[in-house]
Structure formats: structure tokens, C-alpha cells
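Engineer: To start, I am sharing the structure in question, which I have written as C-alpha cells.
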Amino acid sequence: MCFMQFSGDEKHGGSLAPCIDNVLDQVSLKSEDLDFIGCGIGPGSLTGVRVGMATAKGLCYPHETPLLPICSLDLVASQMANQKRIVIRRARAGYYYWREYCASQGGTVIAGNEPSFSSAESVRNVLEESDSFLLVDGRFDQEYFPSIAWLSASSPSADTVLHLIDAALENTGSKPFREVQPLYLQRSLAEDNWEKRHGNKSAEDL
């Protein structure tokens with residue numbers, strides 16, 4: 001397992017692949033020896049998630065290696081595993097990604113729904129009807145949630161990441177890499193332009 005940290009002057013796109021190659025050399029492994037490749041799918045920034053997923057899928061492609069998707073909301077939720085909580089992360093103005101989690105023992109993350117993208121009003125309605133605690137990842141516009149108690153999330157530890165990966169392997173397992181899709185906080189300009197020209201049609205429909 002490799003955890004990488006880059007300085008502010010380094011570009012992840014240029015540093016990530018050489019770092020992975022170096023780690024594989026150190027442990028005398030090749031990409032075809034891997035049983036699966038884990039990758040964060042967001043919600044996260046367009047560039048950051050795209051660089052990570054493109055690198056992971058590039059490693060998967062030659063040998064059809066399965067991909068294990070890790071949702072960043074699950075990492076945040078692991079901080080309060082002993083109580084019901086809803087984790088939110090701000091997307092574009094007035095919208096949030098969110099996911100609700102059940103209380104559990106031993107740090108296990110049990111999600112009650114798939115990651116959802118909703119307006120702040122919709123998320124507030126969910127919170128008002130739920131007894132779950134609100135855990136916020138990143139920026140928070142409290143004016144949308146004036147009467148709701150909340151806690152700002154901290155960065156997960158390496159042990160937390162390892163535990164979550166083990167749990168994801170056991171509970172959901174890896175997937176064919178082509179099926180794994182990213183969760184972007186903001187849509188790309190290319191996606192906006194495509195929708196303006198073609199609506200919701202995919203390239204295969206044209």
C-alpha cells in the first residue's frame with residue numbers, strides 16, 4: 001500500500017505515475033501482478049479526480065485489472081462510526097453531495113444510500129426529518145442550515161484508509177474498471193457544451 005504526498009509546486013499528473021512505478025520496483029512487482037487497483041472517485045475537484053482515475057484506469061487497461069472505487073464521503077464518515085450521521089460536501093453554489101450512514105461498531109462504515117447530488121434545500125429537508133448528525137467535509141454555507149448542529153471533518157489517517165479499503169473489498173468488491181465513474185464537484189466545460197448541443201444523448205446514441 002502506498003500513500004503519496006506532493007508539495008505545492010509539484011503537479012500530480014506528472015508525479016503520480018512515476019511514483020507508482022517506483023513503488024512497484026521497490027517491492028519487485030509489475031502492474032500485471034496486481035489483483036486490483038484502488039482509486040478515489042470523489043466527490044472531488046475535476047482535475048484531481050480526473051488525474052487519479054485516469055492513472056488508475058490506465059494501469060487497469062492492459063490486463064483488465066479490476067478497480068476498487070473509494071468514495072471520499074466514506075472516509076469522512078469513518079470518523080463517527082458509532083452514531084448515525086450524514087456527510088455532505090459542497091459542490092457548486094447551493095448544491096451538495098451527501099450520503100447517510102448508520103451507526104456501527106468497530107469503525108465499520110455502513111451507508112444507507114448511494115452518494116447523492118442535491119440542492120441545499122433538499123439536504124436540509126432530509127436533515128430536519130432525520131436524527132442523524134451532520135458531518136461537513138470542506139466548505140460549508142451555514143446560511144442554508146441555520147438551525148442544524150454540525151461538525152467539520154478532519155483528514156483521515158492512513159490506518160483509516162487501510163481499514164476502509166479492507167471493508168470495501170469485503171462488502172462491495174472491485175469492479176470492471178470501465179464501469180467506475182467519477183463524482184465531480186463541478187462539471188467540466190466539455191460536459192456543459194455537450195449537453196447544450198446534444199441534450200442528454202451519449203456519443204453512442206449519435
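Read-outs throughout are calculated quantities, based only on the coordinates presented, and are distinct from any laboratory measurement. Worth saying up front: this structure is predicted, and the values here are computed from it rather than measured. Note: ideal-geometry Cβ built from the backbone for every residue, glycine included; neighbour counts use all protein chains shown.
Engineer: What number does the chain give for Rg over Rh if you use C-alpha atoms and the Kirkwood radius? Walk me through the numbers on the way to the answer.
Structural biologist: Numbers: Rg = 18.4 Å, Rh = 18.7 Å.
With Rg and the Kirkwood Rh in hand, the quotient comes to 0.98.
Engineer: Roughly how tilted is helix 189-198, in degrees to the nearest 10 and between 0 and 90, from the longest Cα axis of the chain?
Structural biologist: The angle comes out at about 80 degrees.
Engineer: Applying a 10 Å radius around every beta-carbon, put 50-61, 28-39, 138-149 in order of their mean neighbour count, most first.
Structural biologist: Details: 50-61: 17.8, 28-39: 13.5, 138-149: 11.4.
Packing order, densest peptide first, comes out as 50-61, 28-39, 138-149.
Engineer: Quick one: which residues, 5+ away or cross-chain, put their amide H under 5 Å from the amide H of LEU68? H built at 1.01 Å from N.
Structural biologist: ILE37, GLY38, CYS39, LYS175
Engineer: In sequence order, what are the phi-derived ³J(HN,Hα) couplings for segment 17-23 according to the Karplus relation 6.51 cos²θ - 1.76 cosθ + 1.60 with θ = phi - 60°, rounded to whole Hz, with x for glycine and proline?
Structural biologist: Each residue of segment 17-23 in turn: 4, x, 5, 4, 4, 5, 5 Hz.
Engineer: Quick one: plug the Kirkwood hydrodynamic radius of segment 74-152 (C-alpha pairs) into Stokes-Einstein at 20 °C, 1.002 mPa s, and report D in µm²/s. Intermediate values should be presented prior to the final figure.
Structural biologist: On the way: Rh = 12.4 Å.
D = 172 µm²/s.
Engineer: A further question follows. In deg cm²/dmol, rounded to 500, what helix-only [θ] at 222 nm does the chain give when every DSSP H run of at least 4 residues adds -39500 (n - 2.57) and the total is split over its residues?
Structural biologist: Values: 6 runs with 69 residues, N = 206.
Value at 222 nm, helices only, nearest 500: -10500 deg cm²/dmol.
Engineer: If packing is taken as the mean number of other Cβ atoms within 10 Å per residue, what is the order of 81-91, 109-119, 166-176, highest first? Write out the running numbers ahead of the final one.
Structural biologist: On the way: 81-91: 20.4, 109-119: 14.8, 166-176: 12.9.
Listed from highest to lowest mean packing, they are 81-91, 109-119, 166-176.
Engineer: While we're here: For a protection proxy built on the mean count of beta-carbon atoms within 10 angstrom, sort 120-128, 66-74 highest first, please.
Structural biologist: Values: 120-128: 16.0, 66-74: 21.3.
Descending mean neighbour count gives 66-74, 120-128.
Engineer: Could you pull out every residue, at least 5 positions away or on a different chain, whose amide H is within less than 5 Å of the one on GLY138? Hs are placed 1.01 Å off N in the peptide plane, and Pro or chain starts have none.
Structural biologist: Answer set, sorted by chain and number: ALA153.
Engineer: Which percent, to the nearest 5, of DSSP beta bridges fully inside the chain are antiparallel?
Structural biologist: Numbers: 13 of 27 bridges.
Approximately 50 percent, going by the DSSP bridge assignments.
Engineer: Please list 3J(HN,Hα) in residue order for segment 151-165, calculated via the Karplus relation 6.51 cos²θ - 1.76 cosθ + 1.60 where θ = phi - 60°; whole Hz, with x for glycine and proline.
Structural biologist: 9, 7, 6, 9, 5, x, 7, 4, 4, 5, 4, 4, 4, 5, 4
Engineer: Take every Cα pair under 8 Å in segment 74-152 that's 6+ residues apart, average their separations, divide by the length, and report that relative contact order as a whole percent.
Structural biologist: On the way: 149 pairs, mean separation 24.7, N = 79.
Averaging sequence separation for qualifying contacts and normalising by length gives 31 percent for segment 74-152.
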